[in-house]
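Let me begin by presenting the structure, written as C-alpha cells, before commenting on it.
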Amino acid sequence: ELVKQLSKLKAEAVAKNHSDAIVIGMDSVTYFNGQILEKPKSKEEDFQRLKAFSGNNHQFYTGIHMINTSSGKTLSKVVKTDVFMRELSEEEINKYLDEDVNFNTYALGYDPVKHCSASFVKEIKGSYYNLLGGIPLEMIVEMLKEIDYKL
C-alpha cells in the first residue's frame, strides 16, 4: 500500500501540469523480516543489512501509478520480486561497501548489477527488471495498453 500511495502522489504532482500526456509515477521499497526497509543511512547500517540478507530472501516492491491526462483514466499496480541471496562473507560485504560510494542510492542496500554485488543474488522470482532498476518494464507495457496508449 505504501508504494502504491507514493507512486500515486508522484504521478498526480506531475500530471497537474500536463493536459495531454501519459504520466507514470513509481516508488520502491525493500521488505525483510516483517518490516519495510528504507535506504541505509550509513555504511555500517548497510553492512548489517547485507549480513542479515546473507542466505535469506527479501522482497522488492515497486508501485506504479499511471495517468492518461487526456482521458482522466488512472491505473495503479504493485510489482513484487522475491530475491534469494547466497551466503555472503563479511569480506565480500566490506569489499562492496569500500568500492561503492553510492551504497545508499538503492532501497535494496546494494546494486544488483554492479560488478561486485551482482553475484549476491542467487535467484529471483518475479520481475527481473523490477530488481535491476525498480522499473518493471513488462508491467508498464501492460498498463500502457490498459490505459489506452497505443504501442
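The values are calculated or read from the model by the stated rules, or taken from the named source; none is laboratory data. Worth saying up front: this structure is predicted, and the values here are computed from it rather than measured. Note: ideal-geometry Cβ built from the backbone for every residue, glycine included; neighbour counts use all protein chains shown. Surface areas here come from the heavy atoms of the whole protein model, side chains and all, with no ligands, DNA or RNA. Shrake-Rupley method; radii C 1.70, N 1.55, O 1.52, S 1.80 Å.
Okay, here's what the table says:
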{"quantity": "For the chain, the fraction of alpha-carbon pairs in successive 10 Å shells from zero, as %", "calculated": "11, 38, 28, 16, 6, 0"}
{"quantity": "Dipole axis of the range 106-151 (+1 Lys, Arg; -1 Asp, Glu on Cβ), positive-most option in Y149, C116, M139", "calculated": "C116"}
{"quantity": "Listed residue pairs exceeding 19 Å between alpha carbons, taken from K10/K77; K125/K145; K16/K150", "calculated": "K125/K145; K16/K150"}
{"quantity": "Euclidean distance between Cα centres, the range 1-30 to the range 70-97, Å", "calculated": "19"}
{"quantity": "The chain, helix-only ellipticity at 222 nm - DSSP H runs n ≥ 4, -39,500 (n - 2.57), divided by all residues, nearest 500", "calculated": "-10000 deg cm²/dmol"}
{"quantity": "Per residue accessible area in Å² of the chain, where ligands, DNA and RNA are left out and the probe is 1.4 Å", "calculated": "55"}
{"quantity": "Formal net charge of residues neighbouring K122 (Cβ-Cβ distance under 13 Å; K, R +1; D, E -1)", "calculated": "-1"}
{"quantity": "With every protein chain in place, the chain: carbon and sulfur % of accessible area (1.4 Å)", "calculated": "50"}
{"quantity": "The range 19-90: radius of gyration and largest Cα-Cα distance (Dmax), Å", "calculated": "17.0, 53"}
